[in-house]
Structure formats: C-alpha cells, structure tokens
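The values are calculated or read from the model by the stated rules, or taken from the named source; none is laboratory data. This one's a predicted model, so the numbers in the text were calculated from it and none came from an experiment. Here the Cβ positions follow ideal geometry from the backbone for every residue, glycine too, while neighbour counts run over all protein chains shown.
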Amino acid sequence: MTFCSKILAALLLLATAMFAQVPDLENIKIPPLPDFHPVQPKRIQLSNGMVIFLQEDHELPLIDGVARIRGGSRAEPAQKTGLVSIYGEVWRTGGTTKRTGDQLDDLLEAHAAKVETSGGADSTSISLSCLKQDFVDVFTAFVEVMRQPAFREDKIELAKFQENTAISRRNDDINQIAGREAAKLAYGPQNPYARTAEYTTVAAITRDDLVRWHQTYVHPNNIILGLVGDFDTAQMEARLRQTFDPWPAGPPAKEPVLEFHKAKPGYYLVAKEDVNQSLIRMIDLGTTRRNPDYHAIDVFNEAFASGFSSRLFKELRTRQGLAYSVGGGVGAAYDHPGITDFGIGTKSQTTIASIQAMYREIDDLQPHPVTTEELKRAKDYILNSFVFNYDSPSKVLRERMAYEFYHYPPDFLERFRVGIEKVKSEDVMRVPQKYIHKDQFSVLVVGNTQEFDRPLSSLGPVTNIDITIPGSPEASGPAKPGAAAPPQ
Amino acid sequence: MFPFRQQLFGGRMTFRIARLIVVLVIFTQFGWSQDIASFEKRITVKQLPNGLTLLVMERPEAPVFAFNTIVDSGSVQDPNGETGIAHMFEHMAFKGTDKIGTTNYAAEKVALEKVEKAYAAYRQEKYKMVGRDPQKVAALEKAWRDAIAEADKYVIKNQFGQLVEANGGEDLNASTSWDETEYHYSMPANRVEVWAYLESERFLHPVMREFYKERDVVMEERRMRTDSQPIGRLIEKFLTTAFETFSYHRPTVGWMSDLQYFSASDAKQFFDTYYVPANMVVAVVGEVKAAEVMPIMEKYFGRLPARPKPEPIHTEEPPQNSQREAVLHEIAQPFYLEGYHRPDYRDPDDAVYDVMTDLMSDGRTSRLFRTLVRDKKIAADAAGFSGFPGTKYPHLFAFYAVPIPGHSTEELRQAIHAEIERLKTTDVTDEEMKMVKTRLRANLIRGLDDNAGLASQLATHQVRFGDWRELFREIDRVEKVSKADVRRVANKTFTPENRTVGVIENRPSPAPAKAGGAQ
C-alpha cells in the first residue's frame, strides 16, 4: 500500500466513521411542534339565511368555491331513485336560460376553469375553480347555473344513458357489489342510503322533476357557500352581498324521516363465477359522531382494525397472509348511523377459514382487550398526525362547512382532539362490548362458490342474494343457448 | 381507471368506497421563467459522494413535510422467471431492519439463513422435471415451513409501520410501476430526523423477514387487482399482445407461477442490484429549512454504501408490422381498448402526444366526448392517452371507450378511427390549440399545491432528466407544438399495422344467481 493510498484509506475510514455516528431511534430528539393556529374562515350570514365562509389563501393566483345545498337523494321518491344523481349532472350540463351547457363548456374550458354540479345523499352542490383573473366571468356563470338552470332535454337524455350504463355495469366489479349489498344489509334495501337506481326508476324521471327539485331546495337559507383562494375578504364579501342579498328566502328544506332496518343476522351470499377472490363483510348498524363514545370508538377502530398497527392487519395480513385488503371499524356518520363493517378479501379457497379467523380476532377482544400499549399507539397516531386535519386553508374551510351543515359546534375538531386525549383503557374496552356483537352480524360473502374451502352453509343458514339487474337480458329468462357464447 | 401501479396497501380504510375526486385545476398568470426562478430560491439539490441525490423544497405553509423516495427501477428490471420481484421488494421495505422489527437480530439472522437454505432445497426438488419424489418434496416443504416458524419467533410484527404511525406519519404507502418504485408519507415538521433515520435504515439494513407470508399477501393483491377484475384481465392480456420483446409485456405484480417460485434471496439480490444510491432520489417538501435539513439528510443517507449504477436496458421492441388483437369473452359488459407504439418520453415529439391527449380526452369539450358520448350517443366514456403502461421506454398511445347498452365495440372502434382520421387529415382549429395549451399548462402543475404532489413531481423529474426544472420546461415544449406537428405525428403513429386492439365481449352468464347456499 502506498502512502497516498493509505491516507486515502484513512480518510475513507474517517468518512465512514463520521457517517456511522447516528443516534439510535430512541435517542433522536423531537423538538416541540411549533404552535400552529390555522386561520379560520370568516363566517357571514346574510339576512336571507345564506351562510358564507371566506378563506384567504394567497399561495397561488386561484379561487375555488363550493355551495352546498340542503336536500339530497335521501329525500327523493323511491320510484324515482336516481333523480338527484340526474339532477346533479343536468343542473350544469343542461345550461342556463342564457347559455347552453355546451356554450358554458367552451367558455370555461378555454380558461381552464370549472363550474360543476353534483348530487349527494344529503345535499347537492355547485363548485367553481378558476384563475383569479377570470373570477368575474366564472362567478357569473356560477350564479347563472345556481339561479337560472334550464335542464335541457337533450342533456337529460344523455345523463340517463350514463346512468343506465352504470346500472348495466354494476355487477362487473365485486367491490361495487359488496359495497352495495353491505349497505342494504345494514340499512334495509329500501333505505335511501342503500337503495339503487334501476332502469325503471331512471325512466320515470322527467324534466319537471328536476325543475321542481330545484324550486324546492335552492333557496339562500338552504345554502352554505365557501370560497378559498387569492382574494381580499372585504371585497369578496361586498361582491357576494351584492349578488345574494336581494335573493329572498324560501321554504326551508324538509328532512325526510329515515328508517333503518338492519337485515336479520346470518350469512348472505352473492355467487360470482368470474373471480378467484372472495370479499367478506361483517355488517351491523353503527352510530353517529354525536355519540359520547365517538372518541373511544375512533381509538378502538385505530387499534383494532385500521392501519399498519391494527390487530386485524397484523394478524390476518401479516401473520397469516390471508389477505391484501383487510380492515374496517365501528361506523359513525354525522347525522345518521354509520355502517359497522369488518371486511377482508381472500382467495376463494380460504373463504370460510378467513371468516373464522376474523371471528377469532373479535372473540379474542373479550379475554384480551386493547392493551395500554395498543391504546398508546393508537392515540399517538391520531394526535401526532392531527395537524394533517388542518394543514391547508382549504381543509380548514371544508371542516368548518361540514360542521355548519350538520349543526355541529364550529370547534368540533378541537373538541375531538381533547376527547381523544381523554380516552382511557376502560373506554376503549367498552367499545366492543357495546358495539360489536358477533351474533348480530350480517355476514356478506361475494365470491366463486365452486372454489370455497367449505360451503358457506357449513357455518349456518345462508340467504342467497340475487343480483340480477331487473330489465337486463339475464332477468327476462335463461340465456339463449348458442347466442354468441364462446367455447369454454 | 387503469391499474398502472401496484400499491403497498389500499389506504387506511381499506373498504372505503372510492370517491370521485374533483381535481382542482391550477394555473398561474406569471411567465414560466419567473416561476422557475421562484422555485429556484426554495429548492436545494445535492448529490452525495455515494451518488444519492437529495432535494429539499421549502414550503412554509403548515408545520408538516412530505417526502418521496424514487428508485429508478421497476418491474421492467424483474429478471426472467422472477416477474413481480421489484414489487415484492417494495413490500419487504416495510418489514423493518436489523434494529426495527426484531427481538434478537443475531439469532434471527441465523434462522433466516436456514429458511433460505430449506427453501432452496425444497424448490429444487419441487421443480424437478425428471425424478421428482413427492415424499421428498413434502418433507422438504415441511422443513422449510418449520424453519419459517423458527425465524418468526424473533419478529416484532409491523414495527416499522407502527413507528411511522406513532410519530404521526400520514398517508404511508409505496408503489411499483413498470418504470420505477416510489415510497412516501408525510410527517409533522418536528420529526424530520426521525424520518431520516427510518427512511435511510430501511435501505441500509433491509431484512427479508416474513418474506413468504408477504408473498401470499402479494398473491392476494394479484387476485384482487387482476384476476378478479375484467378490466385487469384485459389489460394483462392486452400488454402481452402489444409488446413481444420488451418487458412492458409482463405484469408488475408478477405471474402467479413466478410469485409461487421466487425467494427472499432473489428479492435481496434485486435490492443489491437496483437500490443503489446513484439510482435513487429523495425529495422533501414542506415547512423545513434546507440549511437545517440537508445536513441531517446527509448524515443519515450518506451511510448508504456506494455501488455501481445498474446497466441500462438495451432490449428494444421491434417495429410492429401488422395489427394484433386480444379478445376476452366475459360475463362482464363490453369494453374497447386500442394502442399504438410510440417512442419514449425523451422523444422530441413528446409534447405533441400531450397535446393530442388533451385534445382527444380532457373534459366535455374533448373530441372523443363530443363525438362518441354527446353526438353519436354510443359511449358513456371515451378517451385517448399517452404513457401506457409507462413512459420511460417506448410505450403506447391508447384509446378506450365504454359502450352504452345496445352498442357494440365495433361501433366504438369505427368512431374512434374516424376521430383519428380527422387528426391526420384536418388541422386542429386555432381555438382548440389555444384551449389545449392553456389547459396543459394548468395540468402540468396540477398537484403542485401540496407537499406530497410537489415531492413526487420534483423527484420524478430529477430522476428522469437529472434536473427538476424540466417540470417547468415541459410547458415551453408544449407552447412550440404546431398544427402541422399534430398531423405529422398522428400520421406517423396511428397506422393500422402499429395497432393492438383489446376488447371485452359480453357472453351470457350460464346460470345467473342460481348457485348458492346449498352449493
């Protein structure tokens, strides 16, 4: 070894030694997170009842907004299921009394701007997104769509084509089948959160229905409007007041009385021949976020069924290799019961084994409740990642609008954090006792029954679910023999 | 709608129904040179002596940061007979290290070596073509499974993910595509050093523990995304038809027989070859200061040993000289797909393909929407797009359409071809060209308003071009595209002999919903 190369080697060694000096994980200092109080949007209520939130964000020269209007598909008549979906589409595509939808498309797309409408379960919405410099034009289009929609017949026809296409394809994807049937088991097939549009209910929807819907619900006192972006709040407020103040209030949206009829406990089977993986869903009716147990439920879900650290993930995926997708939780929605749902996707040959493995984990909660270590991990995750609930102005706006819509306190998020901090072992222990009853589950299995490890009926009585689409060729009788069927 | 990427897992609530996410269109009024300048001030790039490239962007919006680690190798690099190994290693990168995930690494190491020995013996006997002894296979299988059970005693399950989560890590995931492998999550800004430790350790001392159970998980992923999905089955078949020699013809998730075959040693071999610092970029974006963070990253990531950069791929797809077809007869509804070979992302005409994608597909003003959906009323959805299944190597410009009930894939094919013909023979209008360029400018920076999107875009461009600035320069190339370019490239690309067609044709279900509980 030459002198030079010795020096080089020494230097290299030194470099390696320098690099090697890293602390162990537990010795890494974590400085306190800087105090962070995201700016809250300004809330304005007009005399006609419209609520407006304004949130400045000057990072990019953009303005985004959404108006959420009370009244959604849970209030549509059952025989016209799909009405709000069609309405949510044609509200925008059908144009206004001044411009066709196609003309709006041309105008907006030329500016890379959007005005869009949509229909949901408890509300409909109209949104905008544009460059700051185009705001006046885009906002004009936005207000025009909001106040003077035309619901032109050609776009109603187009929306129905799309809706019917979706119906015709709804059995192609087993995830879609499982999601749909799980909702029916939890809520009852006639519940608006579970029922599905059919060819006949779509055909029954008329232009008058859309016009009437609009007249019934789109009043300022039913609207929460939020804007975020590169604007001055005072100027924006003036513009909005000028635009919306003269709009008289109308009748408030009536909320339907919803009935929830959970299916009787037992096994439910959808036979699907073209898959090699079964989807299993254990379903029960959940609760709402107003429930004082909500915080304990959230921590429990984290510890038991959600994320890397959860028992279900650890046991069924990592240890047993039964699934890629496994998880779930006790469901909690804002203003109606959520769906309690524990699910797994596993190869056909381990279908029954996976149901039993899932049962074992649920049963095991009795002798081995969530440990203090699991509790700490779950709380650490929820609390340490809490900042991601409000790390952008648009997230802050979205949260506030949701609380306003569901009549929750404006500081619900902060209360939630405090509530999580207070959750104790005994609270989490209570969750499975109160909310997870194995004998109350409706267990849904979608899969290729020919390949199951054992018949599902070996676990108990099975109800077969017929998913044939009413009005499809399959529904009108047995398939015609030899009709374009390929050799097997 | 296409499963371009295999992901580590499907998100936190794995059964939440996917919602249509309205992507906000972002755009800026400033000139682009100015924009590069404004990014210049906030971006620091450093290449370490081991070859690793680090990028930090200061974005002080909220006390959080996101990172993206890109390894410039994907399933295209899977060795023959080991398809899926790149994706498999990605899963293994969550299994911990010699310090994380073990109660006693010294003992575990010995136990894992025994597992590999036992598996090699079992595999050798199992795949013998002549003289295979079933009893010996069974005994060797048992020995292998016993060795796994022994090694399993030392495992602390999912400790790596637990540490990330306990430190407030959000959106923890990774994905593998044909072109590359990427890892990401976000964390509160006070945990940069914790992150640097975890992210460097996983690539410094990866341990192939629980490999064979994780292989089972990946097989389930294959069943979920490909085997049990009609479109997944079509895409797999379509790619094997469109590509004869180039590795884009192989599924990223791997063939089932390869998944059943490859070993932890094979995965480690892949890691040793491709996870070399010179083949990787780590980008961090958020409320961080480069002056503080860069030294921390250097300290931790500088420990990765320098190794030679892997050899580039040399195999080329020969020119296609006649149309190919892949037809699936399914109980699912019909679907139409066709693709044409085009050069890789470095091609001088790359921006022309971007213009054609936007013109054909973006929004209600797009040509395919207006003709197939609005006017002819034969499709519920139709689009044409580039970058299938990747972009790094010569790939496909593809078109797809979803027929509405009562209309055939043949009608869709003819309508798509009529639109392609229009591209070849008639100039696009001035208004269209202006709209397309405006929107493309918007699309190019879509996703730049959040840390995770920025980290991903900057890292990708740093990997692909050796310079993150190319992200902004793409816009200049789009600006230069002319009407003549569109016609020229359309005529060059969209020829019948360069076409591969993939269709799902519906066949009636033999016995609808009659099978059941009785079974």
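Just one of the listed residues (B:99, B:95, B:126) is in contact with a Lys or Arg (Cβ under 9 Å, 6 or more places away or on another chain), of a type in the set (D, E, K, R) and in contact (Cβ under 8 Å) with a residue 60 or more places away in the chain, namely B:95. Checking each residue in region A:146-162 for being touching a strand residue (DSSP E or B) at 6+ places or on another chain (Cβ under 6 Å), more than 10 Å from chain B (Cβ to nearest Cβ), over 13 Å from residue A:208 (Cα atoms) and surrounded by 16 or more Cβ atoms within 10 Å (Cβ to Cβ) picks out only A:146.
Among the residues of region B:136-156, those identified as in a helix (DSSP H, G or I) and touching a helix residue (DSSP H, G or I) at 6+ places or on another chain (Cβ under 6 Å) are B:136, B:137, B:140, B:141, B:143, B:144, B:147, B:148, B:150, B:151.
Residue-level analysis places residue A:404 among those that are over 23 Å from residue B:161 (Cα atoms), more than 10 Å from chain B (Cβ to nearest Cβ), assigned to a helix (DSSP H, G or I) and at pLDDT 95 or above.
Filtered by the rule that a residue be among the aromatic types (Phe, Trp, Tyr) and in contact with a helix residue (DSSP H, G or I) (Cβ under 7 Å, 6 or more places away or on another chain), region A:171-210 gives A:193, A:199. Taking region A:170-263 and the helices (runs of 4 or more DSSP H) fully enclosed by it, the elements with 2 or more residues that are within 30 Å of residue B:331 (Cα to Cα), within 21 Å of the chain's Cα centre (by Cα) and of a type outside the set (S, T, N, Q) are at A:174-187. State whether one or more residues within region B:250-261 are touching a residue at least 40 places away in the same chain (Cβ under 8 Å), part of a helix (DSSP H, G or I), small (Gly, Ala, Ser) and surrounded by 18 or more Cβ atoms within 10 Å (Cβ to Cβ). Within region B:250-261, none of the residues are touching a residue at least 40 places away in the same chain (Cβ under 8 Å), part of a helix (DSSP H, G or I), small (Gly, Ala, Ser) and surrounded by 18 or more Cβ atoms within 10 Å (Cβ to Cβ). Condition first: of a type outside the set (Val, Ile, Thr), more than 10 Å from every other protein chain (Cβ to nearest Cβ) and out of contact with any Lys or Arg (no Cβ under 8 Å at 6 or more places or on another chain). Now tell me which residues in region A:283-307 satisfy that. If the condition is that a residue be of a type outside the set (Val, Ile, Thr), more than 10 Å from every other protein chain (Cβ to nearest Cβ) and out of contact with any Lys or Arg (no Cβ under 8 Å at 6 or more places or on another chain), then A:286, A:289, A:290, A:291, A:292, A:294, A:298, A:300 are the ones that fit. When region B:357-382 is filtered for residues that are under 23 Å from the mean Cα position of the chain (by Cα) and either modelled with pLDDT of 95 or more or part of a helix (DSSP H, G or I) (or both), the ones remaining, listed by number, are B:357, B:358, B:361, B:382.
Could you tell me whether residue A:351 is touching an Asp or Glu at 6+ places or on another chain (Cβ under 8 Å), within 22 Å of residue A:459 (Cβ to Cβ), outside any helix (DSSP H, G or I) and more than 10 Å from chain B (Cβ to nearest Cβ)? Answer is no for this residue.
The numbered conditions (1) more than 14 Å from chain B (Cβ to nearest Cβ); (2) under 21 Å from residue A:186 (Cα atoms) are all true for residue A:364 except (2).
Taken together, the residues in region A:75-122 that are part of a loop (DSSP other than H, G, I, E, B), within 14 Å of chain B (Cβ to nearest Cβ), buried (at least 23 other Cβ atoms within 10 Å of the Cβ) and in contact (Cβ under 8 Å) with a residue 40 or more places away in the chain amount to 2. Pairing each residue of region B:213-241 that is within 9 Å of chain A (Cβ to nearest Cβ) and closer than 18 Å to residue A:321 by Cβ with any residue that is among the hydroxyl-bearing types (Ser, Thr, Tyr) and assigned to a helix (DSSP H, G or I), provided the two are 6+ apart or on different chains, yields C-beta distances under 8 Å for B:213/A:318; B:214/A:318; B:217/A:318. For first residues located in region B:76-91 and on the phi > 0 side of the Ramachandran plot, partners that are of a type in the set (A, V, I, L, M, F, W, C) and assigned to a loop (DSSP other than H, G, I, E, B) and lie 6+ apart or on another chain with Cβ distances below 9 Å form the pairs B:81/B:262; B:84/B:253; B:84/B:255; B:84/B:262. All but one of (1) acidic (Asp, Glu); (2) touching a residue at least 24 places away in the same chain (Cβ under 8 Å); (3) closer than 29 Å to residue A:163 by Cα; (4) within 14 Å of another protein chain (Cβ to nearest Cβ) hold for residue B:432, so report the exception by its number. Single failed check for residue B:432: (3).
In region A:451-480, the residues that are at the interface with another protein chain (Cβ under 7 Å from one of its Cβ atoms) form Cβ pairs under 7 Å with partners that are at pLDDT 85 or above and in a loop (DSSP other than H, G, I, E, B), at six or more places apart or across chains, as follows: A:467/A:171; A:474/A:468.
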